[in-house]
Amino acid sequence: MNKEKLVEDYEIGLEILKKIFLLPKEELIEYLKELSQDDMYLEILENNPKVTKITEDDIPDKITLNFYNNIIIKPFGITLKSEYGSERDLIKFNKFFSCGL
């Protein structure tokens, strides 16, 4: 992936992350349930996960939802991380992703 494409994807994803970042916990969970039907993903969302929102210099950097396994939301998209450490990309934020917010 070339640098220009990487920067473009980051900028698009950051705008999506900023919108998601503003959602309160319950709305965030309901919104995320609409994005995927993955079993591990839904298990996390349906079990009152701990939500952590991280900023760097007042700019949203990451949202994590934790219930044994983790959902990690960054400017490049949504990743699942199992409690055993393996990760897999679930949703990519790019010009084709419509966040609906």
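Key figures
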item	result
0 to 90° range, to nearest 10: angle between helix 3-21 axis and the chain longest Cα axis	40 degrees
Over the range 3-92: Rg over Rh, Cα atoms, Kirkwood Rh	0.96
Long pairs among Lys19/Lys50; Lys3/Lys33; Lys5/Lys53; Lys53/Lys92; Lys5/Lys25, criterion Cα-Cα beyond 29 Å	Lys3/Lys33; Lys5/Lys25
Whole-Hz couplings from phi, Karplus 6.51/-1.76/1.60, listed for the range 46-55; x for Gly and Pro	8, 10, 6, x, 6, 10, 10, 10, 10, 10
Over the chain, relative contact order from alpha-carbon pairs under 8 Å, at least 6 apart, %	26 percent
Taking only Cα atoms of the range 1-56, radius of gyration then Dmax in Å	13.9, 39
Reachable aspartates and glutamates from Lys62, criterion Cα separation under 16 angstrom, eight or more residues apart if same chain	Asp9, Glu11, Glu15, Glu87, Asp89
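Taken together, the values in this text are just the output of simple stated rules run on the coordinates, not laboratory data. This structure is a prediction, so every number in the text was calculated from the model and none was measured.
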